[in-house]
1. Report the paramagnetic label zone for ALA65: residues of region 107-141 whose backbone N is under 13 Å from a point 7 Å from Cα along the Cα-to-Cβ axis.
2. Order these by the 10 Å Cβ neighbour count, fewest first: GLU74, GLU51, GLU230, GLU315.
3. Where a ≥ b ≥ c are the square roots of the eigenvalues of the C-alpha gyration tensor, would you call region 235-275 rounded, which needs a/c under 1.5, or, failing that, prolate if a/b is larger than b/c, or oblate?
4. Can you tell me the order of 169-177, 246-254 when each peptide is scored by its average per-residue count of other Cβ atoms within 10 angstrom, highest first?
5. So if I average 1/r over every pair of distinct C-alpha atoms in region 122-169 and take the inverse, what Kirkwood radius in Å does that give?
6. Would you compute the Debye intensity of region 59-176 from its alpha-carbon atoms alone, equal scatterers and no solvent, and pass along log10 I(q)/I(0) at q = 0.16 Å⁻¹ to two decimals?
7. Evaluate E = 1/(1 + (r/R0)^6) for ASN363 and ALA255, where r is the Cβ-Cβ distance and R0 equals 51 Å; express this FRET efficiency to the nearest 0.05.
8. So, R0 is 25 Å and r is the distance between the beta-carbons of SER143 and GLU315; what FRET efficiency does that work out to, to 0.05?
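Read-outs: derived from the displayed coordinates by stated rules, not from any lab. If you're wondering where the values come from, they're calculated on a predicted model, not measured in any experiment. With ideal geometry, Cβ positions are generated from the backbone for all residues, glycine too; neighbour counts draw on all protein chains shown.
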Amino acid sequence: MVLGAIAICRPGMAQLVDPMGDAVDSFGAGPPLLDIDTISVTFDATDLFFEMTFHTPISPASVLAPDSVAGLLEFDTDQNPGTGFPPLQNFFSPPFVPLVAGVDYAVDVASELFHPGFVDVLQLPGFILVDTVPITYGPMSFSGQIALASLGGDDGVVDFTSIIGTFPQPTDATDEVGTSTAVAGDGPSLDIKPGSCPNSLNRNSNGVLPVGLLGSADFDVTMVDVSTVEISRADGLGGSAAPNEGPPGPHSVFADVGTPFGGELCDCHDLEGDGITDLSMKFRTQDVVVALELDRLPGGALVELVVSGTLLNGESFAASDCVRLVPPHPSKAAALAPVPPPKAALAPVPPPADDAGCPGDLNGDRNVGLPDLLRLIDLQARWAGWPPGPGGGGVDPGLVLDLIANWGPCPPPPQPAATR
């Protein structure tokens, strides 16, 4: 379990390297002991790509083999230990080394059991299913990709950890947090309200929001399929809006309207054209406000927006810029709905009673799996105090083993006896 190195393979890709022979028989269930070799994570403007390799053979969860792989690949998207959920390995220490991170999303590798060829992506701490994505297995590896929108967007950095094992027990985990940075790609830049700084948005306006998708030597905007373009929030909340394609009203045109900005996201400049053709679009302000639920945010909020779409060759693209919401008129301020709290924590309530002959099914989906195990751990931590371990809270290994003993689909509920 001692981490050998963190190797940066290319811009944006980070690889955790784990030594051979450090897998452990953590619950005494015996072999096979799956042994991590490497974990690689990279992402660009639209997708995150992951790959795990092993020193030992593995099988998909759905084949129910002794070496079927289970566990979590965990992502801390905001680099804040105070949000999300602690790395799962922290609850099995020793033998695994506890890490300082706040896991916001995780790939539930064992979920491939229930839909072969696909795995679930969960948002933590609520273990909310946000996506189901394809996964590809090799004899000693698996890989896949996740849309960044399913991970709530990104801030240019993703930290990652993992704990892996078989269905009976975890056998190996990383001893350090890996960090991957966004690939500096050939994608476009976005300039909201080209030639203006700051990018103020008046939510009471009945006009349009000008947006420039900026061309460069590496990005030809004339290859954009305008019919696929939409604007949305980087945090994944709300919906999306398409640019106006009049008549009536304005429509998208190819014109030199802006210059790419090389500073920090949400900073800006007031430069106009740079001699390279851009895609100039107009979004109806009220379409954007309503679809993106900007009327639910407080005045003065700085909001990152994303324009995405596909090129004529089928490739996808995305680019971001920010707007500053103009404070609403006092007569309309009272009508604004409150901002929903981010990532609400689980309420410290006991697990539900076994009313349907399915002990261990804590989320009511008629399957006993990793989300149930994580919820059990979370509930125990909240009952007993934090942190787990001597002098604090803890996890009852007996309850964990009882849950694992019932792992898998629940039996059909008993049918009432027929009456004559």
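1. What the label zone holds, given the 13 Å backbone N cut-off, is 137-141.
2. By the 10 Å Cβ count, ascending, the order reads GLU315, GLU230, GLU51, GLU74.
3. Oblate, since a/c reaches 1.5 and b/c is not below a/b.
4. 169-177, 246-254
5. 13.3 Å
6. -0.74
7. Using R0 = 51 Å, I get an efficiency of 0.45.
8. Once rounded, the FRET efficiency stands at 0.80.
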